[in-house]
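Colleague: Take this structure, written in structure tokens, and hold onto it; I'll ask about it next.
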Amino acid sequence: MNRPTPTVRLFNTLNRKKEVFMPMASGKVRMYTCGPTVYDYAHIGNFRAFVFEDLLKRWLKHRGFKVFHVMNLTDVDDKTIKGSQSQNTPLKQYTDFYANAFFEDAAALNIEPANVYPRATEHIPEMVALIKRLLAKGFAYESDDGSIYFAISKFPDYGKLSKIQVHDLKAGARVKVDEYAKEEAQDFALWKAWTPEDGDIYWETEFGKGRPGWHIECSAMSMKYLGETFDIHVGGVDNMFPHHENEVAQSEAATGKPFACYWLHNEHLLVEGKKMAKRFGNFYTFRDLQKKGCDPMAIRYLLLSTHYRQQFNFTFEGLEAAKSAVERLSNVMRRLQDADGKSSGEIAQLIINVGECFGDAMDDDLNVSVALASLFDFVREVNNLIDANNISKLEAKQAHSLLKSLDKVLGVVGEAEKKDTLQKEAQDLIAKREEARKVKDWKTADMLRQQLKAMGIIVEDTQQGVRWKVEEA
Ligand code: AMP
Ligand code: ZN
């Protein structure tokens, strides 16, 4: 079902319309996504963004593109500095902790890793070089305290992404904080001169003692790994202004070239109609949900099953429905593995239909809800065929491999299947080991224990019998 490009259409925020996706180099996609600010555990609103980006990447790969993906880690900004100081922990130790937590959560949600995860603190020279280019071209200026600002009046295209109108700019009005509203559009800080509140967080550079502004971080890191112009830039809609607007301004002013060709923005995950956000206190982290016993694959399904440009409310009922959907999918895949009836000849057409419907919907700006509807129609038909014993072993195999290829895009069953297989293999080995122990064949028992350990399974002999668990990574 891999069709040649270009069939994928994406809604480009730059032009506010769906456009056929054409990467700069045929068949190759260079993509940058704004990663987490590692000052706390990411909440599931953040993971809506990361799961969407994962779905986009998996779909592009499904369509035959090679994707090179860069996701930054914001490990120095107003929030990380404040957090590390309030915990009395060095910035690096503080942000490393949350970066590791992010990687663990992302893996549990079956998010494919990016090719590079650049950290802002490791790219200060690149940021300094970019700021120097802006100074040299007259787009930036130094203020009295030694901070450096971007002069938005010098960049006529300022506002082209978020479509804000910059009226009546007071000459020299500036904003130094990283986050601010559209109404406060002003010259923004590229480099922040050290102040006592920054404590020991500063870099000695040719601009003096200071630290970068948040926006310049993403410009410097994306251009370092992807070039001055690249294909896709993604992030949540809350980052469109000022973060992405400022990224465009800084990068294009410095290079004189277009920055990202396609900008994609996911809408918010809400709680009772309000954006899920740390500052509103209405959030769940992935870990909160795990502690409540929620299945990571159900969480993943829930986050990806609404079209990315639509808001939706997080509810536990929604999560239950997501869990049932994942179960239906894994059940039918399991049933297909055992099916061995007589052929009705119907499956070939059903496979063609679902392949086309799913593909057309996903090509249409990742219209995942329509794609999922066609998938579950297929699941229903297949279940009917299995119930009536009207599917041969070969047909079942074909249906199974179709479902497997679609799940490679969704990423919700594969993990569960892997766990099932692991459990089955482990149980067989444990049973063998029990038999060996019964006949006091300690050598074999020991060897089997080692074999299980190599699979990441720890066996414990307790008074209540044998217990086993998967070793913590
Ligand atoms: P941050 O760690 O705050 O830099 O955010 C990481 C990503 O999550 C960014 O792309 C944000 O735009 C996105 N994001 C933050 N809150 C939400 C939300 N409630 N729903 C969807 N995306 C969000
Ligand atoms: Zn960014």
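A short reminder: the numbers here are calculations on the coordinates, not readings from a lab. Remember, predicted model here, so these are calculated numbers, not experimental data. Using ideal geometry, Cβ is built from the backbone for each residue, glycine included, and neighbour counts are taken over all protein chains shown.
Colleague: Which shape class applies to the range 7-78: rounded if a/c is under 1.5, otherwise prolate when a/b exceeds b/c and oblate if not, where a ≥ b ≥ c are the square roots of the Cα gyration tensor eigenvalues?
Modeller: Because a/c hits 1.5 or more and a/b exceeds b/c, the range 7-78 counts as prolate.
Colleague: Given contacts defined as C-alpha pairs under 8 Å and at least six residues apart, what's the relative contact order of the chain, whole-number percent?
Modeller: Contact order relative to length: 16 percent.
Colleague: Turning to a different aspect of this structure: Can you give the longest stretch of the chain with no exposed loop site, where a site means GluC sites (Glu not before Pro) in a DSSP loop (not H, G, I, E or B) with at most 13 other C-beta atoms within 10 Å?
Modeller: Here the longest run is 1-205.
Colleague: Evaluate the distance, in nm, between pseudo-label points positioned 7 Å from the Cα of residue 209 and of residue 17 along their respective Cα→Cβ axes.
Modeller: Going from the residue 209 label point to the residue 17 one covers 5.4 nm.
Colleague: Based on a Kirkwood Rh over C-alpha pairs, give the Stokes-Einstein translational diffusion coefficient of the range 325-449 at 4 °C and viscosity 1.567 mPa s in µm²/s.
Modeller: 79 µm²/s
Colleague: Please sort by residue number the trypsin sites (Lys or Arg not before Pro) in the range 12-72 whose DSSP state is loop and whose Cβ has at most 12 other Cβ atoms within 10 Å.
Modeller: Answer by residue number: 16.
Colleague: A follow-up question, please. Report, by chain and number, residues whose modeled amide H sits under 5 Å from the one on residue 140, excluding near sequence neighbours (fewer than 5 apart, same chain).
Modeller: Amide H to amide H, under 5 Å and 5 or more residues apart or across chains, residue 140 pairs with 135, 151.
Colleague: If you keep only loop residues by DSSP, which trypsin sites (Lys or Arg not before Pro) in the range 317-390 have at most 16 other Cβ atoms within 10 Å of their Cβ?
Modeller: 342
Colleague: Label residue 387 and residue 466 with points 7 Å out from Cα along Cα→Cβ: what is the distance between them in nm?
Modeller: 4.0 nm
Colleague: Right, another one. Can you run phi through the Karplus equation (6.51, -1.76, 1.60; θ = phi - 60°) for the range 175-182 and list ³J(HN,Hα) in whole Hz, with x for Gly and Pro?
Modeller: For the range 175-182, the Karplus-derived couplings read 10, 9, 5, 6, 10, 7, 8, 4 Hz, x marking Gly and Pro.
Colleague: Here's another thing I want to ask about it. Whole-Hz ³J(HN,Hα) for each residue in the range 278-285, computed from phi via Karplus 6.51 cos²θ - 1.76 cosθ + 1.60 with θ = phi - 60°, x for glycine and proline: what do you get?
Modeller: Once θ is set to phi - 60°, the couplings for the range 278-285 become 4, 5, 8, x, 9, 10, 10, 7 Hz.
Colleague: Estimate the FRET efficiency between residue 89 and residue 342 by the formula 1/(1 + (r/R0)^6), using the beta-carbon distance for r and 45 Å for R0, to the nearest 0.05.
Modeller: Calculated transfer efficiency: 0.10.
Colleague: In terms of the Cα gyration tensor, with a ≥ b ≥ c the square roots of its eigenvalues, is the range 284-377 rounded because a/c is under 1.5, prolate because a/b exceeds b/c, or oblate?
Modeller: oblate
Colleague: Nearest 10 degrees is fine. How inclined is helix 316-338 to the longest principal axis of the chain, computing both from alpha carbons?
Modeller: Once rounded, one gets 50 degrees.
Colleague: Could you state the number of Å between the C-alpha centres of the range 261-300 and the range 369-383?
Modeller: Cα centroid to Cα centroid, the span is 26 Å.
Colleague: Would you list 177, 38 from fewest to most Cβ contacts within 10 Å?
Modeller: 177, 38
Colleague: Whole number please: convex hull volume per residue of the Cα set in the chain, in Å³?
Modeller: 182 Å³
Colleague: How far is helix 347-363 tilted off the main Cα axis of the chain, in degrees rounded to 10, range 0 to 90?
Modeller: Taking Cα atoms only, the helix is inclined about 10 degrees.
Colleague: With the Cα gyration tensor of the range 190-242 giving a ≥ b ≥ c as the square roots of its eigenvalues, does the rule (a/c under 1.5 for rounded; else a/b larger than b/c for prolate; else oblate) give rounded, prolate or oblate?
Modeller: Judged from the Cα gyration tensor, the range 190-242 comes out oblate (a/c at least 1.5, b/c at or above a/b).
Colleague: While we're on this one: If you take the beta carbon distance between residue 324 and residue 257 as r and set R0 to 51 Å, what does 1/(1 + (r/R0)^6) give as a FRET efficiency, to the nearest 0.05?
Modeller: Efficiency, from the Cβ-Cβ distance: 0.55.
Colleague: Can you tell me the FRET efficiency between residue 380 and residue 25 if r is taken as the Cβ-Cβ distance and R0 is 41 Å, rounded to the nearest 0.05?
Modeller: So, using R0 = 41 Å, E works out to roughly 0.50.
Colleague: Measure nothing but the geometry: give the 0 to 90° angle between the long axis through the Cα atoms of 414-438 and the longest principal axis through the Cα atoms of the chain, rounded to 10°.
Modeller: Helix 414-438 sits at roughly 50 degrees to that axis.
Colleague: Using a 10 Å cut-off around each Cβ, can you sort 329, 350 from fewest to most neighbouring Cβ atoms?
Modeller: Least crowded to most crowded, the residues run 350, 329.
Colleague: Given the chain, what percent of its DSSP beta bridges are antiparallel, to the nearest 5?
Modeller: Beta bridges within the chain, antiparallel portion: roughly 55 percent.
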